[in-house]
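Peer 1: So that we are looking at the same thing, I have put the structure below in structure tokens.
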Amino acid sequence: MRKSVFITICLGFLCLFAAAQELPADLRIVPPGAGVSPRLAQLSGIWEGAWEYSPKGPGAKNFVPLDVIGWGVKIAILEINPPKAKALYATSGSPGNPGKCFQVEDAAVSGDAIMLKFGQAGEKKTVTLSPSGNPGVAHATMQSERAALVHKATLRKQEGRRLAEIKP
């Protein structure tokens with residue numbers, strides 16, 4: 001009985017919350033130039049996944065992907081031109097808190113990672129996207145300026161979607 005109640009609750013969450021917000025259909029990805037390191041160049045494109053949530057207390061060893069509770073994420077790295085980058089950030093949402101898609105104004109290259117900073121004063125967030133060594137997988141972290149907690153995500157590159165590419 002307990003197990004079926006838990007499954008019903010989980011399915012309810014899955015139905016209630018939408019998948020990650022869609023990115024614009026006409027995205028233009030600029031291929032990285034010859035001067036961009038191969039590890040950094042791997043970050044060009046669209047990445048999708050979910051922030052992980054690690055509860056405390058009994059059963060804390062298990063994590064729940066936050067897309068189950070409305071925290072799926074897509075990041076589109078549109079252009080890498082060190083020390084800057086152009087990026088879009090999209091999150092999923094719920095009926096009471098709709099998902100968002102927006103251009104990140106403050107996107108910068110830091111070594112082989114891309115840092116996205118956004119939000120209002122007191123609520124600023126920093127998302128860092130780093131290569132994993134596997135060209136189809138990237139690691140992301142998100143830190144809020146008001147909280148010590150760092151959210152983590154493993155993102156997968158979306159290769160199946162055809163994107164309009166332009167030459168630099």
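The values are calculated or read from the model by the stated rules, or taken from the named source; none is laboratory data. The model shown is predicted, which means the values in this text are computed figures rather than measured ones. With ideal geometry, Cβ positions are generated from the backbone for all residues, glycine too; neighbour counts draw on all protein chains shown.
Peer 1: Just a yes or no: is a residue in segment 65-76 at pLDDT 90 or above, over 12 Å from the mean Cα position of the chain (by Cα) and either surrounded by 21 or more Cβ atoms within 10 Å (Cβ to Cβ) or among the charged types (D, E, K, R) (or both)? Working first, answer last.
Peer 2: Our first condition is that a residue be at pLDDT 90 or above; within segment 65-76, this holds for 74-76.
Checking the rest, the ones that are also over 12 Å from the mean Cα position of the chain (by Cα) come to none.
The answer is no; no qualifying residue exists.
Peer 1: To continue, here is another question. Suppose we filter segment 42-64 for residues that are of a type in the set (Phe, Trp, Tyr) and either at pLDDT 75 or above or surrounded by 22 or more Cβ atoms within 10 Å (Cβ to Cβ) (or both); how many remain? Don't jump to the end; show me each part of the working.
Peer 2: Residues of segment 42-64 of a type in the set (Phe, Trp, Tyr): 47, 51, 53, 63.
Now drop any that are not either at pLDDT 75 or above or surrounded by 22 or more Cβ atoms within 10 Å (Cβ to Cβ) (or both), which leaves 47, 51.
Residues that pass the stated criteria total 2.
Peer 1: If you don't mind, there's one more thing I want to ask. Please identify the pairs in which a residue from segment 109-133 that is within 13 Å of LEU155 (Cα to Cα) has its Cβ atom under 8 Å from the Cβ atom of a residue that is small (Gly, Ala, Ser) and exposed (fewer than 14 other Cβ atoms within 10 Å of the Cβ), counting only partners at least 6 apart or on another chain.
Peer 2: THR128/SER110
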